[in-house]
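The next block holds one structure in the form of structure tokens; read it before the comments.
The values are calculated or read from the model by the stated rules, or taken from the named source; none is laboratory data. Predicted model, so just to flag it, every value in this text is computed and none were measured. Heads up, the Cβs are rebuilt from the backbone with ideal geometry, glycines too, and the neighbour counts pull from every protein chain shown.
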Amino acid sequence: MSLPLSLSVRRSATQGSVTTQTAWVVGMAVLTAIGAQIEIPHQPVPFTLQTLFVLLAGGLLGPRNGFLSMSAYLLAGLAGLPVFSQFGFGLVKILGPTGGYLLAFPVAAFVVGTLTARRTEIWWTAVSLFAGLLIIFTLGTAHLGMTYARSWSEAFSAGFLIFSWWDVAKLVAATSILAGLQRTSVE
């Protein structure tokens with residue numbers, strides 16, 4: 001019997017041994033940290049690949065382990081590991097302009113994991129990932145508006161609209177990866 005790869009990955013990441021699940025959770029947190037370092041500098045919030053891995057964490061690990069993975073990522077940064085963009089760390093990053101985006105990661109992974117578990121069609125996967133991005137950018141923009149921007153329109157422009165082209169590309173990439181895993185079978 002063969003299972004679609006994404007189902008076998010999701011099963012091992014959500015129902016495998018504690019060691020296997022922990023490896024998936026830590027692995028996605030590490031990939032998110034690596035994605036934070038792949039950036040196009042921009043003020044007040046840089047363009048990074050973090051959100052790609054947040055979406056994949058939810059889609060591959062499911063709601064619980066996706067949430068745990070992104071929580072582990074945040075806790076690593078708060079504990080002083082240089083996992084945020086530009087090798088940043090600490091509470092200053094959470095309180096600064098990027099804090100709302102970072103705090104939204106566990107919530108977005110949970111929502112993506114919950115939604116992608118319901119259906120496997122590519123359009124549903126794209127809608128689920130879009131919902132995750134909407135959570136990240138809504139919370140991120142709200143935080144940016146309260147901590148950095150001079151007005152809500154400035155926060156919306158600098159924290160939401162500016163990222164639309166970049167995150168559409170990540171949405172397409174994540175959807176393609178998850179859909180590709182749906183089509184691939186393991187023996």
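Within the stretch 101-113, does at least one residue satisfy the condition of being farther than 18 Å from M28 by Cα and either out of contact with any His (no Cβ under 7 Å at 6 or more places or on another chain) or not hydroxyl-bearing (S, T, Y) (or both)? Checking the stretch 101-113: not a single residue is farther than 18 Å from M28 by Cα and either out of contact with any His (no Cβ under 7 Å at 6 or more places or on another chain) or not hydroxyl-bearing (S, T, Y) (or both).
Among the residues of the stretch 135-154, is there at least one that is part of a helix (DSSP H, G or I), modelled with pLDDT of 90 or more and more than 20 Å from H42 (Cα to Cα)? Checked the stretch 135-154: at least one residue is part of a helix (DSSP H, G or I), modelled with pLDDT of 90 or more and more than 20 Å from H42 (Cα to Cα).
Put simply, of V112, V25, V45, V107 the only residue that is buried (at least 16 other Cβ atoms within 10 Å of the Cβ), in contact with a Leu (Cβ under 9 Å, 6 or more places away or on another chain), part of a loop (DSSP other than H, G, I, E, B) and β-branched (V, I, T) is V45.
Of all the residues that make up the stretch 95-111, how many are within 18 Å of the chain's Cα centre (by Cα) and farther than 15 Å from Q50 by Cα? Result for the stretch 95-111: 3.
Just so you know, in the stretch 2-53 the residues that are of a type in the set (V, I, T) and within 18 Å of I94 (Cβ to Cβ) include one that is modelled with the lowest pLDDT, and it is V45. Within the stretch 67-80, does at least one residue satisfy the condition of being modelled with pLDDT of 95 or more and in contact with a Lys or Arg (Cβ under 9 Å, 6 or more places away or on another chain)? Taking every residue of the stretch 67-80 in turn, at least one turns out to be modelled with pLDDT of 95 or more and in contact with a Lys or Arg (Cβ under 9 Å, 6 or more places away or on another chain). Of all residues in the stretch 13-22, those satisfying the criterion of being surrounded by fewer than 21 Cβ atoms within 10 Å (Cβ to Cβ) and in contact (Cβ under 8 Å) with a residue 40 or more places away in the chain are T14, Q21. Assess whether G62 counts as being on the phi > 0 side of the Ramachandran plot and surrounded by fewer than 17 Cβ atoms within 10 Å (Cβ to Cβ). Against the criterion (on the phi > 0 side of the Ramachandran plot and surrounded by fewer than 17 Cβ atoms within 10 Å (Cβ to Cβ)), G62 does not qualify.
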